[in-house]
Amino acid sequence: MAEIVVNGRPRDLTGVPPHTNVLDFLRAAGLTGAKEGCAEGECGACAVMVARPAADGSEAAEWTAINSCLVPAAALDGQEVVTAEGLGAPGALHPVQQELAARGGSQCGYCTPGFVCSMGAEYYRADRAPAGDGGPRDQYHGANGFDLHAISGNLCRCTGYRPIKDAAFALGFPPADDVIGLRRTAAAPAAMATELRGDEATYVRPASLAEALYLLGEDAGAVVVAGSTDWGVDVNLRGRRGGLVIAVDRLPELRGFSVTDAEVRMGAALTLTEIDRRLAGRLPLVSALIAQFGSRLIRNSATLGGNLGTGSPIGDAPPGLLALEASVVLASAEGSRTLPLADYFTGYRESTRRPDELITEVVVPRPVSGLTAFHKIAKRPFDDISSVAVGYALDLVDGVVRRARIGLGGVAAMPIRALATEAALEGRPWTAETVDAASAVLAAEGTPISDQRASAAYRSAMLGQSIRKLFAEATP
Amino acid sequence: MTTIARPVGTPLSRRPDDPVVGTPLPHESAVLHVTGQALYTDDLVGRTSNVLHAHPVQAPHAHATITGLDVAAAYDVPGVVRVLTDADVPGTNDAGVKHDEPLFPTEVMYHGHAICWVLGESLEAARQGAAAVRATYAELPALLTVEEAIAAASFQGARPTLARGDSAAGMGRAARVFEGVTSFAGQEHFYLETHCSLALVDENGQVFVQSSTQHPTETQEIVAHVLSVPSHAVTVQCLRMGGGFGGKEMQPHGLAAVAALGATLTGRPVRVRLTRAQDMTMTGKRHGFHAAWTAGFDADGLFTALEATLTSDGGWSLDLSEPVLSRAMCHVDNAYWIPDITVHGRIARTHKTSQTAFRGFGGPQGMLVIEDIIGRCAPALGIDPAELRRRNFYAEGQATPYGQPVRHPGRLLAAWEQVAGTSSLAARRAEIDRWNGRERHRKRGIAITPVKFGISFNLTAFNQAGALVHVYKDGSVLVTHGGTEMGQGLHTKMLQVAATALRVPLERVRLAPTRTDKVPNTSATAASASADLNGGAVKDACEQILGRLEPIRDQLRDPSWEELVAAAYRERVQLWAAGFYKTEGLSWDAAAMSGHPFKYFAYGAAVSEVEVDGFTGAYTTRRVDIVHDVGDSLSPLVDLGQIEGGFVQGAGWLTLEDLRWDVSDGPGRGRLTTQAASTYKLPSFSELPEQFHVALLDEAHEDGVVYGSKAVGEPPLMLALSVREALRDACAAFGPAGHSVELASPATPEAVYWALCAARAAGRAS
């Protein structure tokens, strides 16, 4: 029987329509702590904690905060969820709840249960270390190692955040007998092979890659989902229901990770949080783009495969991966092929991926260029969508640009390489004069449009400014 | 000769020893908030059986006549129970108090206008039913921007003029006269809880509506007139709201009426809950304004005169646009003495959502105009903007342009000097100038701005409130008052007021949800005045009860509260009371735009420092210091939260939040293009100032207000003007001395980038 364990109690999934998200499922069960604020994963009012395999790949379970509005309830078959109600109750507050309540961290209170869950997950993060013990210390990290990025996907319209920050930084560490903390010592629940049928749609979590590829081969219209951070928005905001929805996020073949001298191979269904943790800084450009990719709540669900699969021209991964000359591995029932990412995109949300193919891996060749950077232009530094994004990978030898790879997002119908700019740089000395000339070329790349995020003029200007900024910051 | 220490203040403002007011307490619902136990209107749906869900049919044109509406296909969708159209309205087909907002329109007045509503067994069924409705339209020309409306002379409502002296003569006295236009955008409320109503009908036809409303009485009245029943047949309750900010003052009424109409017609509970996109495309926002101005300064930089025409973007109907405009005009002076002044006001009618109340209610718009004038003129006058502001402050004995004496101007100066001191403004100014001299690609800016904000509703009649205080036989106390709780901490303060007035521990007092059958004829929870008004009413009720208890107390020897109450009951003393309060001394002539509309002014001053990236225009707020006047705080933790939260919300309006409509001539003309959290960005953690210091002004006791306190909800929002002025200062640092920076509002990174480019260009030109 399909069920989700919520706050320690199994809840039956029978009869739940496949499009029903975890948020609505919880609320229908009478757990109204999680709230709908936007239904598109932007506000965090619906955040809950789920027990997941640790992001660093170790055995232990890890409490991971996600937006419950984006995930179909079916996706959590067999999984364990903790909501604000499960963390504590009046008279027995959880430390996160205690600090938030006492410090004025809630005003209207509507966003608060979501904050509680995002903060709870960070409270239980296994590698959270006090600043004195090697943890980072900056404006976004408390002396207790609490990383404010953990709540970058939670919006509060009342407090102005200061008391929430103070509450976060006042937290201690879980005591040894903390039941929710102790859950981390055992393995996370395994993924269940699931099939949930409704009137309009069917949600399937295949047991193997072979089964997934078979289903994909049978139904060209099937929707492939991993973290559902894109599909969930379509379901909630655009009323899309899908016919066959195939969940691939827990397939082992899509969750591999390896680093050799020659390449980094990243499973397409690893979450961005998992990739960041496992890379541990070995691809600074990828770490930089992940740090600016959505919010922690999104990164805990979103995958590279999804970001490339949806093929959005404003996805944050492609500009960086294009600069790194990444390849994608596409698998079908007939076998697999490896394709340079530069040959993957063909138009607005279009690619050379056939309907029966699945992205299984992203491969970045090593060694990586010496000068890499990721520039993202947006209205808001946390959790915003790019107006323009630029990924750089430059090889400088004796002050000369030997090789330049530049990926662009937000300036054309699809992510593109800035080929003319690359040509304007290669073979030339890395000097202000070269950069001036390249800046003019870069500003003319693509065909930017004006929309609610930015004007075309600003987008072009930002392209031109980007390389000047790179030069200024790389030239002390 | 000895001086006898007299108690401070009036009977209303004086505090007893050891008052519960003044204690820093968390929000009264904080424990419920953090545990997910606090209930909001939509949380009641799961506790109500047999609920029908409503979904609107939204028109896809900004302006059109509805030429056909065929709802038959909706009934073919399984689960659709009823489609509500204008033919179903038994009473007045209107959702407002100005009778210009048909609940079911025949003419579409904005993109997304709801033309009918579908009720379904599930939200999914209602949504699909709404999609099946066939409507046809004859498109009409649409006005989208204020500029378009001005060109077409499309205005609505009153066109007031506020004048004092002879502004033409004042201009004649000026050493320098400047002209300009200041246009700026509105703001989406983005309360985290979207609008929600849940209506039930009982066996007698009594309608009970639970609604996320800041104005339960008006919601009750609108529901009653739509249903054609008397007000006593409708009860409205609000448990709490997930934020309001003015957006739930007028806008809930029509939605509650749809729920009530549906419940009346079907006999079943009906839930109307807007999705975020529906909320953003259907409900009103802060008014954007267009201001054309001429300002005169004498040789010392003192204002001689101001002439301005303020045109607000009212959207399709009047709503609260007239009082918002009045307040804007009454705050165009902000903290400054302007001897000769003429301000014209008018409200553009455009084909957009009907813009409405939003925290500050026109005050922010008025102040933005004068601060923009000062920020732009200061470089030309060769006077540091901080000094120019300070020089023009009101002095004791001076009056506002509408004739109200400015009381306690010294408190504004005290706040200003205190924050200048604690922020080390002068030293940091010098340090920033040195830093800017060294850095080519980044510049910092710093600015100090004042706030003077009038407290009370301009319309005198609204300045009244009621409360109902029950003392039960066991000594426990239940307080009901007319105000609603939306996170601002009103209920917390009212608990503190009741505990103080009755001299009982806080734990003995409980607060009941706001409902119209407990306290009738309430004013909106708005204008920051709810603690003043409802606090006065709660205190009055408590004192009535205490007065009745005094003879009993005299008969007993030092009784405990419980003993006193029990004895009083035995003596047949009434242990409950209805309290009432009205603000004394107010007057307002709306036609002449003159009088004494405000009980007092709330003051504050803020210093903000920003750093701007010259490559992109991106910026960070490095530090903010605030000294704000809340009188003697009723609840310091609550007040601190209001100041910080108001400031960040104001900074969001001025820098980040960017409402965009499709103003092209394409098929999407009039569509709100920022109708989601993914496109409309609020301040998040990344906008929290790196350092944020807030202090309450000392020695700020306010006579004639409950326990010496002052209102706090709105005034701090306008302290965020300091961020905008700091950005202007940083942009100026990219250009030559004396360059006047024109900065769009909101000052998004893109706007800042263009402003600093203009400054650089001025440098190259000079």
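Worth a mention:
- Condition met for B:Gln58 (touching a Gly at 6+ places or on another chain (Cβ under 6 Å), surrounded by fewer than 23 Cβ atoms within 10 Å (Cβ to Cβ) and at negative phi): yes
- Hey, B:Trp337 among the hydrophobic types (A, V, I, L, M, F, W, C), over 22 Å from B:His189 (Cβ atoms), modelled with pLDDT of 95 or more and out of contact with any strand residue (DSSP E or B) (no Cβ under 6 Å at 6 or more places or on another chain) or not: yes
- Single unsatisfied condition, B:Phe647 versus (1) under 19 Å from B:Ala415 (Cβ atoms); (2) open to solvent by 10 Å² or more (accessible area, probe 1.4 Å); (3) at the interface with chain A (Cβ under 7 Å from one of its Cβ atoms): (2)
- Selected residue (criterion: farthest from the other protein chains (Cβ to nearest Cβ)) from residues of segment B:669-699 that are surrounded by fewer than 16 Cβ atoms within 10 Å (Cβ to Cβ) and under 30 Å from A:Gly294 (Cβ atoms): B:Gln691
- Positions within segment A:353-378 being more than 14 Å from chain B (Cβ to nearest Cβ), open to solvent by 20 Å² or more (accessible area, probe 1.4 Å), in a strand (DSSP E or B) and out of contact with any Asp or Glu (no Cβ under 6 Å at 6 or more places or on another chain), in sequence order: A:Glu361, A:Leu371, A:Thr372
- Restricting segment A:380-411 to residues that are in a loop (DSSP other than H, G, I, E, B) and open to solvent by 30 Å² or more (accessible area, probe 1.4 Å), the residue that is nearest to A:Pro313 (Cα to Cα): A:Ile385
- For segment A:223-239, a residue qualifies if it is of a type outside the set (Val, Ile, Thr), open to solvent by less than 20 Å² (accessible area, probe 1.4 Å) and on the phi < 0 side of the Ramachandran plot, and the qualifying residues are A:Gly227, A:Gly232.
- Test: residue in segment A:66-78 that is open to solvent by 10 Å² or more (accessible area, probe 1.4 Å) and within 9 Å of chain B (Cβ to nearest Cβ): no
- Selection count where residues are within 12 Å of chain B (Cβ to nearest Cβ), in a loop (DSSP other than H, G, I, E, B), surrounded by fewer than 23 Cβ atoms within 10 Å (Cβ to Cβ) and out of contact with any Asp or Glu (no Cβ under 8 Å at 6 or more places or on another chain), scope segment A:112-154: 1
- Among the conditions (1) surrounded by 20 or more Cβ atoms within 10 Å (Cβ to Cβ); (2) among the small types (Gly, Ala, Ser); (3) farther than 14 Å from B:Gly535 by Cβ, B:Ala461 misses just one, which is (1).
- Looking across segment A:155-179 at every residue that is exposed (fewer than 15 other Cβ atoms within 10 Å of the Cβ) and small (Gly, Ala, Ser), the one that is nearest to the other protein chains (Cβ to nearest Cβ) is identified as A:Gly172.
- Test: residue in segment A:132-147 that is of a type in the set (A, V, I, L, M, F, W, C) and without any contact (Cβ under 8 Å) to a residue 40 or more places away in the chain: yes
- Note on segment B:658-698: residues that are closer than 22 Å to A:Gly315 by Cα and touching a Pro at 6+ places or on another chain (Cβ under 8 Å) amount to 2.
- Residue match in segment B:396-405 (condition: touching a Ser or Thr at 6+ places or on another chain (Cβ under 7 Å) and touching a residue at least 60 places away in the same chain (Cβ under 8 Å)): yes
- Residue in segment B:393-408 that is within 24 Å of B:Leu654 (Cβ to Cβ) and either among the aliphatic types (A, V, I, L, M) or outside any loop (DSSP other than H, G, I, E, B) (or both) present: yes
- Note on segment A:155-252: enclosed helices (runs of 4 or more DSSP H) holding 2 or more residues that are under 25 Å from A:Arg296 (Cβ atoms) are A:162-169, A:179-182, A:231-238.
- Number of the condition not met by B:Val712 [criteria: (1) more than 25 Å from A:Asp383 (Cα to Cα); (2) within 14 Å of chain A (Cβ to nearest Cβ); (3) open to solvent by 20 Å² or more (accessible area, probe 1.4 Å)]: (3)
- Scanning segment A:314-334 for residues that are at pLDDT below 95 and buried (at least 23 other Cβ atoms within 10 Å of the Cβ) returns A:Gly315, A:Asp316.
- Filter result for A:Ala101 (without any contact (Cβ under 8 Å) to a residue 60 or more places away in the chain, outside the structural domain of A:Ser228 (by TED's automatic domain parsing) and in contact with a helix residue (DSSP H, G or I) (Cβ under 7 Å, 6 or more places away or on another chain)): yes
- Top-ranked residue of segment B:77-134 - restricted to ones that are open to solvent by 40 Å² or more (accessible area, probe 1.4 Å) and in a strand (DSSP E or B), ranked as nearest to B:Thr353 (Cα to Cα): B:Glu107
- Options A:Leu93, A:Leu182; residue that is more than 8 Å from chain B (Cβ to nearest Cβ), open to solvent by 10 Å² or more (accessible area, probe 1.4 Å) and either under 25 Å from A:Glu42 (Cβ atoms) or modelled with pLDDT of 95 or more (or both): A:Leu182
- Each residue in segment B:258-282 was checked for being assigned to a loop (DSSP other than H, G, I, E, B) and either within 14 Å of chain A (Cβ to nearest Cβ) or surrounded by 24 or more Cβ atoms within 10 Å (Cβ to Cβ) (or both), and 2 of them qualify.
- Hits in segment B:228-253 (condition: surrounded by fewer than 24 Cβ atoms within 10 Å (Cβ to Cβ), touching a residue at least 60 places away in the same chain (Cβ under 8 Å) and of a type outside the set (Gly, Ala, Ser)): B:Val229, B:Thr235, B:Gln237, B:Leu239
- Among all positions in segment B:685-701, there is at least one residue which is β-branched (Val, Ile, Thr), farther than 30 Å from B:Met280 by Cβ and touching a residue at least 12 places away in the same chain (Cβ under 8 Å).
- Filter result (assigned to a loop (DSSP other than H, G, I, E, B), more than 14 Å from B:Gly366 (Cα to Cα) and not hydroxyl-bearing (Ser, Thr, Tyr)) within segment B:289-337: B:Asp298, B:Ala299, B:Asp300, B:Gly301, B:Leu302, B:Gly314, B:Gly315, B:Trp316, B:Leu318, B:Asp319, B:Leu320, B:Trp337
- Just so you know, in segment B:146-188 the residues that are among the β-branched types (Val, Ile, Thr) and open to solvent by 40 Å² or more (accessible area, probe 1.4 Å) include one that is nearest to B:Val741 (Cα to Cα), and it is B:Val181.
- Of residues in segment B:566-580 being in a helix (DSSP H, G or I) and in contact (Cβ under 8 Å) with a residue 12 or more places away in the chain, the one most open to solvent (accessible area, probe 1.4 Å): B:Tyr569
The values are calculated or read from the model by the stated rules, or taken from the named source; none is laboratory data. Worth saying up front: this structure is predicted, and the values here are computed from it rather than measured. No Cβ is skipped: glycine too gets one built from the backbone with ideal geometry, and neighbour counts run over all protein chains shown. Side chains included, ligands, DNA and RNA excluded: accessible areas come from the protein's heavy atoms. Shrake-Rupley method; radii C 1.70, N 1.55, O 1.52, S 1.80 Å.
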